[in-house]
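The values are calculated or read from the model by the stated rules, or taken from the named source; none is laboratory data. A quick note: this is a predicted structure, and the numbers were derived from the prediction, not measured. Here Cβ is always computed from backbone atoms with ideal geometry, including for glycine, and neighbour counts include all displayed protein chains.
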């Protein structure tokens, strides 16, 4: 879906760009820390206070993503998710020491709370370099030694609590601490020297970033306007072609498609697979309100609201190398599929050989990825039985894809992941985007922008779909979401099993499943076997999962039950 932006939206976009550029300059000029350095310093600090890895932070093959992109519990970031603003790790049984040197290299850290842990050692003098701190709580730990005398003089610190430790002198807040406490002469001299040094370099540290910032901003704005002009010109041309093309509201016969395609393959058609009352014209679609939901290298997803208040999800797919005839024939086959666990295709539009529109009913419950993230953030429950019924629903949908007796050819899905598993009104799983893989290169960056769910062989096959499903099954069992983190979950689970810590891999909700959790873990590990010949078929996987489902149903429990099994 392509929507022209107003001048007001352009001005707002430029304003946001200016603010982002200015923020970057401020960060560089005042801290000298780039995002990569912030990530390294954060990791050093965490490893120091948590030597036993109580926080269970797992990095994939040594690759360390920025903490703000990792959704770490207790870490709060700026609105644009580029820098750490707060760290709250309270009552977690942390037993390390404070690496203030690394901590103070987080240039925008305002809040630090490590209360009610077992952190020992001293408060290093280097904590005085944490000049952006506004709130510091180290209470109820095992800290000892002397308190850095200049701690209360941090210019931005508004609240300090280091009570219930083992210091020689204790105080609870800045109000109770004498701001006139004696400061050693050498400290005063050092501060004076640093002040003079700061003044000496003050002028160039102010003007140099400003000059560079203006130059960089002008360059970025020019590039942005140029790229936007090119994109809008291209979208206007596509809209012009769509608007002038005839609209059809029923699937044309394959023979007619072939004949018409030979004459004019760039022609646009709107084809539906639903009843007449649900159909609409191309003009209705182009005039509808559209909200961009996600965007990748080769596709964009929009939530579209028509004038009659009907909602649809419209996926614009680019770089599909398919003829009009071949694409239409495949989409007709997809549109006629009927299965409770496959998202129905409402219709499609083919403007040329490389750009297509796929139309689905909008699912207000979101995706499995949304459900996982809400559970991780503590916004909702995700009980064992609900996970089990989602797993069996996905397996049934995949089994239908690979075992259809009426299919002219078997088309693997090729991109099974939580964001492509939508949830209907009853939160039952619906496999979306089926059929697109036929027109994509298996090794394309458009398809595999993350290897988290991709089989090692990187081909389209039933065995590859089984591998992807196995990763999702591991997510349901462990409570970990890997689509955005890039975590190699099969590798982590296999290492835990190898070390005989199998019980530690399960999420707290799975402990209520008893032996059934171990049964599904065994199935999932077979699914993620490295070699495809060692993986079971999807029919065998479904059979094993349904055995667990039947055992649960014999107990008369609903899908969302949280009754424990002993």
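At-a-glance table
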| read-out | value |
| --- | --- |
| Residue in the stretch 352-365 that is outside any strand (DSSP E or B), touching a helix residue (DSSP H, G or I) at 6+ places or on another chain (Cβ under 6 Å) and within 16 Å of residue 421 (Cα to Cα) present | no |
| Set 202, 195, 150: member being buried (at least 16 other Cβ atoms within 10 Å of the Cβ) and modelled with pLDDT under 85 | 150 |
| Residue list for the stretch 116-131, restricted to those being in contact with a strand residue (DSSP E or B) (Cβ under 9 Å, 6 or more places away or on another chain), surrounded by fewer than 19 Cβ atoms within 10 Å (Cβ to Cβ) and assigned to a loop (DSSP other than H, G, I, E, B) | 118, 122 |
| Residue 401 buried (at least 20 other Cβ atoms within 10 Å of the Cβ), assigned by TED's automatic domain parsing to the domain that holds residue 454 and out of contact with any strand residue (DSSP E or B) (no Cβ under 7 Å at 6 or more places or on another chain) | yes |
| Subset of the stretch 302-326 [assigned to a helix (DSSP H, G or I) and in contact with a helix residue (DSSP H, G or I) (Cβ under 7 Å, 6 or more places away or on another chain)] | 324, 325 |
| When residues of the stretch 309-324 are limited to those that are buried (at least 19 other Cβ atoms within 10 Å of the Cβ) and within 28 Å of the chain's Cα centre (by Cα), the one nearest to residue 274 (Cα to Cα) | 312 |
| Subset of the stretch 276-287 (residues that are within 29 Å of residue 415 (Cα to Cα) and out of contact with any helix residue (DSSP H, G or I) (no Cβ under 8 Å at 6 or more places or on another chain)) | 278, 279, 285 |
| Qualifying residue in the stretch 209-221 (condition: surrounded by 15 or more Cβ atoms within 10 Å (Cβ to Cβ), modelled with pLDDT of 85 or more and out of contact with any helix residue (DSSP H, G or I) (no Cβ under 6 Å at 6 or more places or on another chain)) | no |
| Residues satisfying the stated conditions in the stretch 503-517, i.e. part of a helix (DSSP H, G or I) and surrounded by 15 or more Cβ atoms within 10 Å (Cβ to Cβ) | 505, 510, 512, 513, 516, 517 |
| Among (1) at pLDDT 95 or above; (2) under 20 Å from residue 402 (Cα atoms), the one test that residue 525 misses | (2) |
| Residue within the stretch 503-524 that is touching a helix residue (DSSP H, G or I) at 6+ places or on another chain (Cβ under 7 Å) and within 21 Å of residue 458 (Cα to Cα) present | yes |
| Unmet criterion (only one of (1) surrounded by 18 or more Cβ atoms within 10 Å (Cβ to Cβ); (2) closer than 21 Å to residue 330 by Cα; (3) not assigned by TED's automatic domain parsing to the domain that holds residue 300) for residue 349 | (3) |
| Matching residues in the stretch 401-436 - criterion: being within 22 Å of residue 315 (Cβ to Cβ) and not in a loop (DSSP other than H, G, I, E, B) | 401, 418, 419, 420, 421, 422, 423, 429, 430, 431, 436 |
| Residue pairs meeting the criteria (Cβ under 6 Å; at least 6 apart or on separate chains; first closer than 18 Å to residue 476 by Cβ and in the same structural domain as residue 469 (by TED's automatic domain parsing), in the stretch 533-548; second at pLDDT 95 or above and surrounded by fewer than 17 Cβ atoms within 10 Å (Cβ to Cβ)) | 536/526 |
| Test: residue 369 is crowded, with 18+ Cβ neighbours inside 10 Å and within 21 Å of the chain's Cα centre (by Cα) | yes |
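Rundown of residues vs (1) surrounded by fewer than 20 Cβ atoms within 10 Å (Cβ to Cβ); (2) modelled with pLDDT under 90; (3) over 23 Å from residue 529 (Cα atoms), yes/no style:
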| site | (1), (2), (3) |
| --- | --- |
| 378 | yes, no, yes |
| 397 | no, no, no |
| 424 | yes, no, yes |
| 429 | no, no, yes |
| 451 | yes, yes, no |
| 458 | yes, yes, no |
| 466 | no, no, no |
| 483 | no, yes, no |
| 491 | yes, no, no |
